[in-house]
Structure formats: C-alpha cells, structure tokens
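The values are calculated or read from the model by the stated rules, or taken from the named source; none is laboratory data. Source: prediction; values computed, not measured. When we count neighbours, we look across all protein chains shown, and the Cβ atoms used for this are built from the backbone with ideal geometry, even at glycine. Please note that ligands, DNA and RNA were not included when accessible areas were found on the heavy atoms of the full protein model with its side chains. Shrake-Rupley method; radii C 1.70, N 1.55, O 1.52, S 1.80 Å.
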Amino acid sequence: MMRRYISNELVHWTGRKGSDDSAFQALAAICDEEVLRLTFCPQYVQEEFKPVTAMVCFTDVPLQHSKVHCGIFGRFGIAFHKQKMIAYGANPVFYTVGPNLQRIKEIAELTASLYEYYRDQKWRKDFEPYQFTDAQFLSLREATEFSQEYSYKNADSADYVTYYQREWRLTFNSLEFAGGSSPHSPGKSCFYVRDEKSYQIFKFAAEDVAYIIVPWRYFWRGRRLAKKLKCGLKIYEISVGT
C-alpha cells in the first residue's frame, strides 16, 4: 500500500552545489552508461570522529514533499523501483542521536581493530583466542556503513538534521564485486577508469528505473533519456513545485 509520506521509489538526485546544465549532464551520464558513481561521504562529522564510506545515496521522500530536499541536492533525479534496489543490497540508513555517539565510536574502533586482525588471521594459530569468520567480520563492517548521524554536531536546526533526508544507500562493501573475469552485470560494483582517474561504480538495468525527473526547460532532453531507458518522465515544477 502506498503511503503519502513514503515513496515506492528511491530517488537519486543530481545537481548539488552546481549549475542546472552540470546537473543534467550528470543525469545524462547516469542514464547513458547505466551506472552510478559511488562517492566517499561522511557518516559523522564530529571533530574527533569523521568516518567516511564509499556509497551511492537515495531518498524515499515522496516528490510532493521534496522541495526542501531538492533545495540541497538538486532538481534532476532518477527514481528506481525500491524492491529492485533492496534486492541489490540497498538499505535505509540507521540514524543515531547524540547520546549514542560514544557507542558508535566504540563499534568503529572495534571494527578497525578487527580489520587488523582479519588481515593476518590466516597466519594465526587455531588455538589463539578471539576467532571469527570472514562473514562475521564483513557483516559487522557493512552494518556500520549504514549508520548516519541524526544531526550534524548535534545541531538543532532543521538544516543540520539529516534524519529528514530519509536516506537509503548502497555501499561499496555491501555490493557484489565484479572482479577478474566476472561480468559487470546489474547489481554489481567495480572500478571504472576515466581520464586516468579511478571511480567505484554500481551498475543497474534499464528496467530498474521507474522514471527520471527534470525541470520544464529540459523536457525534450529528458524525454530522450526516458525513451532510452523506457521509463517515465516527470517534470519538477509539476511533481515537486516551484
């Protein structure tokens, strides 16, 4: 059942801190290549605690409630069927409030120490204490990558409360990796080199896309992208509002 405060799609918006033309170019590249670039984003921004994770972010804020969100992240978007993204590994963010920050820091420190142990585990003796499996360690690391600070530096202002973003994400470590001779099929990540720079990317299929959204003056260019993906096209001024 569709609820007005939750969307059945996950939207990835483009255009943060850029011009409309650069935002459209980013959207066009996503549609033409059928890949999303992962970027290193902060999970917590305390002075003493600033972990970052390679991820691609989405929101399930319905379009009619997205005006404030788009004021930060841009007016050009590509919406994916939520169930398809869940099948690939997308997960809603676990928001943690200020009093829990110390617990999160302790978990992060534990994960870091386990990583050192994990790297040389194969050289350790079976009788040494603190044994754990690869799956147990990787699951712990992936789970912590879906956490996010409720409000940056515990600020009360709405501008700092990230909870309102209703974020979902895919992280590099949670995605199946298309390495070696493995084909880069939908749902997998890999490294991609352009202009001598390496990027971590996630591949999707055209049928994963529900619609794209652009402002009115990009209608015809948006229509070309939508036709290529065989998906819907929505106009920002109509679906979100001016």
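Scan region 63-78 and tell me whether some residue there is among the aromatic types (Phe, Trp, Tyr) and open to solvent by 20 Å² or more (accessible area, probe 1.4 Å). Yes.
Residue-wise test of (1) modelled with pLDDT under 90; (2) in a strand (DSSP E or B); (3) under 28 Å from residue 5 (Cβ atoms).
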site: 130; (1), (2), (3): yes, no, no
site: 137; (1), (2), (3): yes, no, no
site: 148; (1), (2), (3): yes, yes, yes
site: 164; (1), (2), (3): yes, no, yes
site: 170; (1), (2), (3): no, yes, yes
site: 185; (1), (2), (3): no, no, no
site: 193; (1), (2), (3): yes, yes, no
site: 198; (1), (2), (3): yes, yes, no
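For region 113-128, the candidate set comprises residues that are among the hydrophobic types (A, V, I, L, M, F, W, C) and either modelled with pLDDT of 80 or more or in a helix (DSSP H, G or I) (or both); within that set, the residue that is nearest to residue 53 (Cα to Cα) is 114. Taking region 1-112 and the helices (runs of 4 or more DSSP H) fully enclosed by it, the elements with 1 or more residues that are aliphatic (A, V, I, L, M), in contact with a strand residue (DSSP E or B) (Cβ under 6 Å, 6 or more places away or on another chain) and closer than 30 Å to residue 177 by Cβ are at 20-33, 82-88. Considering only residues in region 200-238 that are in a helix (DSSP H, G or I) and open to solvent by less than 30 Å² (accessible area, probe 1.4 Å), the one that is nearest to residue 10 (Cα to Cα) turns out to be 208.
Test residue 64 against the stated conditions and say whether it is touching a residue at least 12 places away in the same chain (Cβ under 8 Å) and more than 20 Å from residue 231 (Cα to Cα). Criteria not met by residue 64. Being open to solvent by 70 Å² or more (accessible area, probe 1.4 Å), over 16 Å from the mean Cα position of the chain (by Cα) and not hydroxyl-bearing (Ser, Thr, Tyr) is the requirement here; does residue 180 meet it? Judged against the criteria, residue 180 is a match.
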